[in-house]
Amino acid sequence: MHDLDAVTSSREIKIDLSGNLMLCTCETLHFLQWMTKTNVILLNVDNYKCSYGNGSVTTLHQLSFIVKHLQLQCSSETVLIASVSVLIVCSLTVIGLAMLYRYRWRIRYWYYKRKFKAAYTTTDQGYEQMFEYDVFISYSSDDYEIARHSTMEELESKRGLRACIHERDFQPGEYIAQNISRAINSSRRTILFVSNNFLGSEWCQYELNIALMEEMNSERKVVMAVMIDDIPNKSLPVDLRHIIHAYTYLEYPKHTTDSNLNVFWNKCADFIKEG
């Protein structure tokens, strides 16, 4: 088309397109616009026939009107296509974010799991993981005396078990999330000391979910809850509620006599050693 226009600057060009059924669509709009502006002489242009996308046929005696109509129609289609494209992208983004949120614990678990190489030993039943610790103790720092101090004395000093306690055993310089994942992966069991302080701690919730992921993927019993406070069932996270309903849990003695505490810590030790 540009070549023809260039030629008309030096001589007259005539073209007769009679007998050719043209298309009046967005794809041919540029050609139709050229027909309204070109210096090329289009013979019998009023008799040219044009077919719309819906199959209807018209002549081009009102070519300028047809071009304006198509410009409006095509711009609307462009806006529609752009809107639909944006909607699809937004929908996929929302779905993607929803999937990431739903599987956030699984993603975090496997992200740190791949950095941790567990050691194994051979037994009569096959391969068994060797654990650096017997138990990982999950607790809020506000419950320090009950959880850490008592654990070190009752489980380690008196019962000869090796506990992983974050203030003492986490590796300095590593991300907290990585330390937690490493501790749970390298411990045979995880005991959650559940209190109102525990529920209000973001890191305690992280430890809870990573321990549940370890239990699900290792297919071994990992988690036990110890209830320090009386907490209404409806106030518990769904996953923690499931642990309490599905498994045996312990209540920390309200009356901390030597006899009650001895029974309690013996039960904790039995859970850690079982299986």
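Readers should treat all values here as calculations from the given coordinates under stated rules, not as data from a laboratory. All values derive from a computational prediction rather than experimental measurement. Glycine gets a Cβ as well: all are built from the backbone with ideal geometry, and neighbour counts include every protein chain shown.
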Using a Gaussian network model on the chain with a 10 Å cutoff between Cα atoms, which of SER201, SER51, SER140 fluctuates the most?
SER51
Built amide H within the under 5 Å cut-off of VAL194, gap 5+
VAL226, MET227, ILE228
If you restrict to DSSP beta bridges whose two residues both lie in the chain, what percentage is antiparallel, to the nearest 5?
30 percent
Rounded, prolate or oblate, given the Cα gyration tensor of segment 23-84, with a/c below 1.5 counting as rounded?
prolate
What spacing in nm lies between the two simple spin-label points modelled at VAL238 and SER64, each 7 Å away from Cα in the Cβ direction?
6.6 nm
Choice from ILE81, ILE231, ILE210 showing the highest fluctuation, given a GNM over the chain with Cα pairs closer than 10 Å:
ILE81
Only one of the values [x] 51, 40, 39; [y] 71, 50, 33; [z] 113, 43, 37 was calculated from this structure for Cα extents along the principal axes in Å; name its label.
[z]
Could you check which residue among LYS37, LYS221, LYS234 shows the biggest mean-square fluctuation in a GNM of the chain with a 10 Å Cα cutoff?
LYS37
So what is the diffusion coefficient of segment 149-275 in µm² per second by Stokes-Einstein at 20 °C and 1.002 mPa s, using a Kirkwood Rh over Cα pairs?
139 µm²/s
Residue-normalised 222 nm signal for the chain, counting each DSSP H run of n ≥ 4 as -39,500 (n - 2.57), nearest 500 deg cm²/dmol, is -14500 deg cm²/dmol
Show me, for segment 240-254, the HN-Hα J-couplings you get by feeding each phi into the Karplus relation (A = 6.51, B = -1.76, C = 1.60, θ = phi - 60°), rounded to Hz, glycine and proline as x.
5, 4, 5, 4, 5, 7, 8, 10, 6, 10, 10, 10, 5, x, 6
Which of the cysteines found in the chain have nothing to pair with, since no other Cys Cβ lies under 4.7 Å from theirs?
CYS90, CYS164, CYS204, CYS268
Quick one: putting +1 on the C-beta of Lys and Arg, -1 on the C-beta of Asp and Glu, what dipole do you get for the chain around its Cα centre, in Debye to the nearest 20?
540 debye
